[in-house]
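Single-structure report; data block below.
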Amino acid sequence: MNKLKFLTIVGLSAAFGLAAACSGGTTTTTNTTTNTTSANTTTVANSSAPKKADETPAAIKAAFPDAQSFTTQHKDLTKEQITEIENNSGGKMTDTDHHSYLAFSTAGGARKQIGAATIVKAGGRDVVVVYENKNGSPFIKEVRAEGVPAAFLTQFNGKGHDDVVTFDEKIKPNGADASMAEAMIAAIGADMLAMQTLYGAAHSH
């Protein structure tokens, strides 16, 4: 399997996805809104607009117990990027619109991003992939999936885009069903490369 060669990749800021959108793609961000009430007033003006429902899945919230707010981000992958990702991971991208969830903490009075996560479908399960930023690129912090042995899931911890080409060699079922493990390896690999394509620092091999 050939090493990954991305020609153009958008740089990653300290906050995943809050920098510029990928070249040629579009970005849609769902922002958190807060309401303030002015002091020394006798009349409160209420907005007639309905409050937007929180679209953050419960599985994402469970992965970030210290988060006070979440932002959902949608970024489009080009056909060329999808082909490259699929060729290098063995996985399939089911949609050009890649969703990620950014987690924020307001501890100490400052709003700070504490991580990002995605949900992929594999082996008949929803798989939560939690990412952290290392040297300007996303790395897998942990993988969560109900009913899957921890001995299998923990093998992904600390892996980055350069490791995807060896997922199928180094990550073993370790108690998980073999076909399910194969499906998860491919799906997580594809998501890892999508995150690197959209948010990772430029690199070449």
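The values are calculated or read from the model by the stated rules, or taken from the named source; none is laboratory data. Remember, it's a predicted structure, so these values are computed and weren't measured experimentally. Every residue, glycine among them, receives a Cβ derived from its backbone with ideal geometry; neighbour counts consider all protein chains shown.
Considering only residues that are out of contact with any helix residue (DSSP H, G or I) (no Cβ under 7 Å at 6 or more places or on another chain) and within 20 Å of F139 (Cβ to Cβ), which ones fall in segment 72-99? Across segment 72-99, the qualifying residues are Q73, E84, H99.
Taking the criterion of being of a type in the set (D, E, K, R) and in contact with a Ser or Thr (Cβ under 8 Å, 6 or more places away or on another chain), the residues of segment 112-171 that qualify are K112, K121, E142.
Does any residue of segment 64-78 turn out to be surrounded by fewer than 18 Cβ atoms within 10 Å (Cβ to Cβ) and within 30 Å of S179 (Cβ to Cβ)? No. The residues on offer are T30, T83, T96, and the sole one that is modelled with pLDDT of 95 or more, among the β-branched types (V, I, T) and more than 13 Å from the chain's Cα centre (by Cα) is T83.
Among residues of segment 62-91 that are on the phi > 0 side of the Ramachandran plot, those with a Cβ under 8 angstrom from a residue that is of a type outside the set (G, A, S) and modelled with pLDDT of 95 or more, sequence gap 6+ or separate chain, pair up as G90/I185. Condition check: under 19 Å from D126 (Cα atoms), touching a helix residue (DSSP H, G or I) at 6+ places or on another chain (Cβ under 9 Å) and buried (at least 18 other Cβ atoms within 10 Å of the Cβ). Does A190 satisfy that? Here the answer is yes, as A190 does meet what is asked.
Here's the yes/no breakdown for (1) in contact with an Asp or Glu (Cβ under 7 Å, 6 or more places away or on another chain); (2) part of a strand (DSSP E or B); (3) closer than 21 Å to Q196 by Cα; (4) of a type in the set (G, A, S):
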position	(1), (2), (3), (4)
V129	yes, yes, yes, no
V148	no, no, no, no
L153	no, no, yes, no
D163	no, no, yes, no
D168	no, no, yes, no
M184	no, no, yes, no
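G158 fulfils the conditions (1) part of a loop (DSSP other than H, G, I, E, B); (2) on the phi < 0 side of the Ramachandran plot except for a single criterion, (2). Which of the residues belonging to segment 105-133 are over 14 Å from the mean Cα position of the chain (by Cα) and either over 27 Å from D177 (Cα atoms) or surrounded by 21 or more Cβ atoms within 10 Å (Cβ to Cβ) (or both)? Result: S105, T106, A107, G108, G109, A110, R111, K112, A122. Note on segment 84-104: among residues that are touching an Asp or Glu at 6+ places or on another chain (Cβ under 9 Å) and either in a loop (DSSP other than H, G, I, E, B) or among the polar types (S, T, N, Q) (or both), the one that is surrounded by the fewest Cβ atoms within 10 Å (Cβ to Cβ) is K92. Among residues of segment 157-177 that are surrounded by 14 or more Cβ atoms within 10 Å (Cβ to Cβ), those with a beta-carbon under 8 Å from a residue that is β-branched (V, I, T) at least six positions away or on a different chain give the pairs K159/I140; G160/I140; F167/I185; F167/I188; D168/I185; I171/I185; A176/V148.
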